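Presented below is the structure to which this report refers.
The values are calculated or read from the model by the stated rules, or taken from the named source; none is laboratory data. If you're wondering where the values come from, they're calculated on a predicted model, not measured in any experiment. FYI the Cβ positions are ideal-geometry reconstructions off the backbone, even for glycines, and counts take in every protein chain you see. Please note that ligands, DNA and RNA were not included when accessible areas were found on the heavy atoms of the full protein model with its side chains. Shrake-Rupley method; radii C 1.70, N 1.55, O 1.52, S 1.80 Å.
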Amino acid sequence: MIDGTGNPVKENQTILIIKGRIARTGNTNDVATPSGKIIDCTGKTIIPGMIMMHEHLFYGESLPPNYIAQEMPVSFPPLYLAGGVTTMRTTGSVEPQTDLNIREQISQGKMMGPDVDVTGPYIERSGIPIPEMLFIKSPDDAAKEVNYWADMGCTSFKLYMDLTREDAKAAIDAAHKRGLKVTGHLCSVTFREAADLGIDDLEHGFYVSSDFEKEKKEDQCNVSAQSLSILRLTEQSDSIKELIKYLVKKKVAITSTLPVFEPYTGRETFPGNGGEALTPVIKEVIEKKYATASGKDSSSIIQFKKEMAWEKQFADMGGQLLAGIDPTGAGRVIPGYADRHILELLVEAGFSLPQAVKICSLNAAQYLGKDKEIGTIEAGKRADLVLIDGDLQKDIHAVRNTEIVFKNGVGFDSKKIFESMSGKVGLY
Ligand SMILES: [Zn+2]
């Protein structure tokens, strides 16, 4: 049992679930099992239900001149659950009304899926070629957007790449006034500027920081200059360490989204083997499109390794690291499959197994203010658990064998859900 607190793995444990809650955990010899259903977990691993922080209910693929974001209200919620995710944040919506309705249907038990922290529409000015986005024209619009969608039930907000600092400030102030948190995938606004404005979280780790651009123009995004500036930094760069110190001091969380960057390295076309969930036509198109790039872009591999090292440094220096998959990535990152794969990536980044699990459970629960209810395997908490066939200490890749995902004490058959959704992604 890996309990989510970061404490060492415990062996020979019994977990008693009564009415959807964890009634007791302890050494198998000490915990009496009353009559009821007993599941023998010998040789298996159990972790808390994963709380994933950069998820979406849409599937995306670039079809020049646009990027198309297509809502997947049928396949995505069950796939998330099957992969061990019992709570998720959407981190940017293109159909917030659909996301809100799905959250409702899940909470009423009409649909399988995780609990959802629904983020409002991306807060963004026009510039980016994504026609599904709602564009603002002023800081006043930013505040209006936050207030409208908070009234409609959204519980998080996300700033995007082409905002002014004034826009960001208006959105953050409006959200904070209502006790809601704001994250951002930034570019025009630097991490430091956003930290000064009170942002709560930053997406994609240091990949997207524009803090190191030499001739950065205020309030303007220049993606190529930004990514070049990051490529130039070394793993042990002092300027990254200074930025980390600043973010830690300002209590800004970072969301690691390694799976969305992984396909560019040619390591896994569909991180965690999510390709099997795609409709065959789409799978073929994507495989063909990226076959030539696969494994040949050495700068992507170097950058991927550096990002892992920086995220580890951030956590080691006291930063609150969260994780998510970001199922955009040109259609290659698939919910559920990529979520459990994150544990493999975090261990590869140098985290111990209990630390990797904590990033995907307790850290996120604390960020969401739900750590009294979820995030660890402890008496009194909701019985959100993932039973995995195999010993993760011996082989982290066993994480792909999710067997039963418990949400509120109700067990879902992971393999059956994956099978039932096979070939659906891209359709609905
Ligand atoms: Zn995203």
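Structural remarks
- Candidates 319, 375, 380, 331 - the one that is within 16 Å of the ligand (Cβ to nearest atom) and among the small types (Gly, Ala, Ser): 331
- Some residue of the range 330-339 being closer than 30 Å to residue 42 by Cβ, of a type in the set (Val, Ile, Thr), part of a loop (DSSP other than H, G, I, E, B) and touching a residue at least 12 places away in the same chain (Cβ under 8 Å): no
- Filter result for the condition that a residue is small (Gly, Ala, Ser), over 16 Å from the mean Cα position of the chain (by Cα) and either more than 14 Å from the ligand (Cβ to nearest atom) or farther than 21 Å from residue 418 by Cβ (or both), over 93, 62: 62
- For the range 354-396, the set of residues classified as touching a Phe, Trp or Tyr at 6+ places or on another chain (Cβ under 9 Å) and in a loop (DSSP other than H, G, I, E, B) consists of 383, 384, listed by residue number.
- Cβ pairs under 7 Å, 6+ apart, first in the range 85-114 and more than 22 Å from residue 415 (Cα to Cα) and in a helix (DSSP H, G or I), second among the hydroxyl-bearing types (Ser, Thr, Tyr) and within 14 Å of the ligand (Cβ to nearest atom): 99/90; 99/93
- Residue match in the range 245-252 (condition: in a helix (DSSP H, G or I), away from the ligand (no atom under 16 Å from the Cβ) and open to solvent by less than 50 Å² (accessible area, probe 1.4 Å)): yes
- Within the range 253-273, the residues that satisfy the criterion of being within 16 Å of the ligand (Cβ to nearest atom) and of a type outside the set (Asp, Glu) are 253, 254, 255, 256, 257, 258, 259, 260, 261, 263, 264, 271.
- Scope the range 400-428; condition part of a strand (DSSP E or B) and more than 22 Å from residue 343 (Cβ to Cβ); matching residues: 410
- Hits in the range 115-160 (condition: within 16 Å of the ligand (Cβ to nearest atom), closer than 28 Å to residue 407 by Cα and either in a loop (DSSP other than H, G, I, E, B) or open to solvent by 60 Å² or more (accessible area, probe 1.4 Å) (or both)): 118, 120, 154
- The residue that is farthest from residue 170 (Cα to Cα), among those in the range 91-149 that are polar (S, T, N, Q) and touching a helix residue (DSSP H, G or I) at 6+ places or on another chain (Cβ under 9 Å), is 105.
- Taken over the range 12-38, residues that are of a type in the set (A, V, I, L, M) and open to solvent by 70 Å² or more (accessible area, probe 1.4 Å) amount to 3.
- Residue, most open to solvent (accessible area, probe 1.4 Å), within the range 168-202, restricted to residues that are among the acidic types (Asp, Glu) and over 16 Å from residue 117 (Cβ atoms): 196
- Restricting attention to the range 19-53, the residues that are of a type in the set (A, V, I, L, M), without any contact (Cβ under 8 Å) to a residue 40 or more places away in the chain and in a strand (DSSP E or B) add up to 0.
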